[in-house]
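Novice: Have a look at this one before I ask anything.
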Amino acid sequence: MDVGIIGGTGPAGMGLGARLAAAGLTVGIGSRDSSRAESAVRDLKERWPGRSLQMTGAGNEAVAGADIVVVATPWDGAVSTVESLAGALESKVVISMANAMVRQGKEMHPMMVARGSVAQAVAAAVPGALVAGAFHHLPARGLANLDEQMDADVLICADDPVALASTSRLVREIPGLRPLEAGSLAIAGAVESFTAVLVSVNIRYKAHSVPVLGGIRGGEPV
Ligand SMILES: NC(=O)c1ccc[n+]([C@@H]2O[C@H](COP(=O)([O-])OP(=O)(O)OC[C@H]3O[C@@H](n4cnc5c(N)ncnc54)[C@H](OP(=O)(O)O)[C@@H]3O)[C@@H](O)[C@H]2O)c1
């Protein structure tokens, strides 16, 4: 399985991409400017020389050809970006990890998005894609530190069973992460908004990684 990350040159896309590549997947980091993606991947491989990460940098359009595509752009760029890639995303599992929020002083405030969430707006923009929302609340810094195993649950929202199953499989590829079915895409807005609360708490307590605060961890199923 290979994964393409649109808007992958930011902390979230690079962190998730590094984790997936460390787990043995082939990852394409996408950018509006392919040279930026190439340079980001070069830097990452230099940071982790012993890990043989199967990662390449390319334009967003090229990485949208992967088996599974993650949208890791800022929330206000997600819809226009996927719209421009609609052909490549047709029938694909597309995972939106974007959260609509703005910083107000020491807090992050959730934004109201048309359709209710970024994930739903993405689904409306590319109706031929199988859209899920996931990875919203995993801090990039925790993802990027490959020396520390993750320890978190990942809430997944999806209407389509294939999107749900594929996203769950992808989450399970990363040691220490457990997929949890949160509900339909209609739930995604609540997950995106609650992530603003988690980030605000992290800012207040100066915490950055999943095991401290910001991760979600439930008990064992009964
Ligand atoms: N940071 C975290 O800890 C974290 C964790 C979970 C989820 N998220 C979510 O994941 C997304 C990415 O987070 P981030 O911190 O990595 O964001 P970011 O650095 O602000 O943006 C990621 C990349 O998106 C591209 N981009 C910027 N503006 C764009 C636009 N208007 N249209 C299309 N592409 C654009 C840029 O790449 P190019 O210039 O190379 O195209 C940028 O490097 C956000 O929606 C965030 O809410 C973040």
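The values are calculated or read from the model by the stated rules, or taken from the named source; none is laboratory data. These numbers come from a predicted model, not from an experiment. Heads up, the Cβs are rebuilt from the backbone with ideal geometry, glycines too, and the neighbour counts pull from every protein chain shown.
Novice: With (1) in contact with a Lys or Arg (Cβ under 6 Å, 6 or more places away or on another chain); (2) at pLDDT 95 or above; (3) more than 19 Å from residue 133 (Cα to Cα) as the list, and residue 174 as the residue in question, which single condition is left unmet?
Specialist: It is condition (3) that residue 174 fails.
Novice: Follow-up question, since we're still on this one. With the checklist (1) more than 8 Å from the ligand (Cβ to nearest atom); (2) closer than 21 Å to residue 174 by Cβ; (3) under 18 Å from the mean Cα position of the chain (by Cα); (4) surrounded by fewer than 20 Cβ atoms within 10 Å (Cβ to Cβ) in hand, flag the one item residue 21 doesn't pass.
Specialist: (4)
Novice: Something else about it: Scan segment 66-73 and give yes if some residue there is part of a loop (DSSP other than H, G, I, E, B), farther than 28 Å from residue 203 by Cα and more than 9 Å from the ligand (Cβ to nearest atom), otherwise no.
Specialist: yes
Novice: Scan (1) in contact with a Pro (Cβ under 8 Å, 6 or more places away or on another chain); (2) surrounded by fewer than 19 Cβ atoms within 10 Å (Cβ to Cβ) for the single condition residue 173 breaks and write down its number.
Specialist: (1)
Novice: Quick test of your reading of the structure: residue 102 fulfils all but one of (1) more than 22 Å from residue 79 (Cβ to Cβ); (2) within 15 Å of the ligand (Cβ to nearest atom); (3) without any contact (Cβ under 8 Å) to a residue 12 or more places away in the chain; (4) not charged (D, E, K, R). Name the failing condition by number.
Specialist: (1)
Novice: Another question, if that's okay. Among the numbered conditions (1) part of a helix (DSSP H, G or I); (2) within 16 Å of the ligand (Cβ to nearest atom); (3) within 19 Å of residue 139 (Cα to Cα), tell me where residue 8 comes up short.
Specialist: (1)
Novice: When both residues are 6+ apart or on different chains and their Cβ atoms are under 8 Å apart, which pairs have a first residue that lies in segment 193-222 and is more than 14 Å from residue 138 (Cβ to Cβ), and a second that is at pLDDT below 85 and assigned to a loop (DSSP other than H, G, I, E, B)?
Specialist: Short answer, once both residue conditions are applied: 201/207; 201/213; 201/214; 205/212; 205/213.
Novice: Being in contact with a Leu (Cβ under 6 Å, 6 or more places away or on another chain) and touching a residue at least 12 places away in the same chain (Cβ under 8 Å) narrows it down to one of 58, 64, so name that one. Step through it out loud before you land on a result.
Specialist: On the way: 58 fails: in contact with a Leu (Cβ under 6 Å, 6 or more places away or on another chain).
None of the other options fit; the residue is 64.
Novice: Yes or no: residue 37 within 27 Å of residue 175 (Cβ to Cβ) and of a type in the set (Gly, Ala, Ser)? Show your work before the answer.
Specialist: Working: within 27 Å of residue 175 (Cβ to Cβ): yes; of a type in the set (Gly, Ala, Ser): yes.
Against the criterion (within 27 Å of residue 175 (Cβ to Cβ) and of a type in the set (Gly, Ala, Ser)), residue 37 qualifies.
Novice: Mind checking whether some residue in segment 76-88 is within 18 Å of residue 15 (Cβ to Cβ), within 14 Å of the ligand (Cβ to nearest atom) and of a type in the set (D, E, K, R)?
Specialist: no
Novice: Another question about this same structure. Failed condition for residue 158, given (1) within 21 Å of residue 10 (Cα to Cα); (2) crowded, with 22+ Cβ neighbours inside 10 Å; (3) at pLDDT 95 or above, with all others met?
Specialist: Condition not satisfied by residue 158: (1).
Novice: Also: Looking only at residues that are among the charged types (D, E, K, R), within 16 Å of the ligand (Cβ to nearest atom) and in a helix (DSSP H, G or I) in segment 29-47, which one is nearest to residue 141 (Cα to Cα)? Can you show your working first?
Specialist: First pass over segment 29-47, keeping only residues among the charged types (D, E, K, R): 32-33, 36, 38, 42-43, 45-47.
Right, trim to within 16 Å of the ligand (Cβ to nearest atom) and you get 32-33, 36, 38, 42-43.
Next cut, in a helix (DSSP H, G or I) only: 36, 38, 42-43.
Numbers: 36: 20, 38: 21, 42: 18, 43: 16 Å.
Across segment 29-47, the extreme among qualifying residues is 43.
Novice: While we're looking at this one, here's another question. Would you mind telling me which numbered condition in (1) surrounded by 17 or more Cβ atoms within 10 Å (Cβ to Cβ); (2) over 15 Å from the mean Cα position of the chain (by Cα); (3) of a type outside the set (Val, Ile, Thr) residue 150 fails?
Specialist: (2)
Novice: Tell me which residues, restricted to segment 48-65, are more than 20 Å from residue 22 (Cβ to Cβ) and not in a helix (DSSP H, G or I).
Specialist: Looking only at segment 48-65, we keep the residues that are more than 20 Å from residue 22 (Cβ to Cβ), and these are 59-62, 64-65.
Correct list: 59, 64, 65.
Novice: Which condition number in (1) more than 22 Å from residue 74 (Cα to Cα); (2) in contact (Cβ under 8 Å) with a residue 24 or more places away in the chain; (3) within 14 Å of the chain's Cα centre (by Cα) is the one that residue 168 fails?
Specialist: (2)
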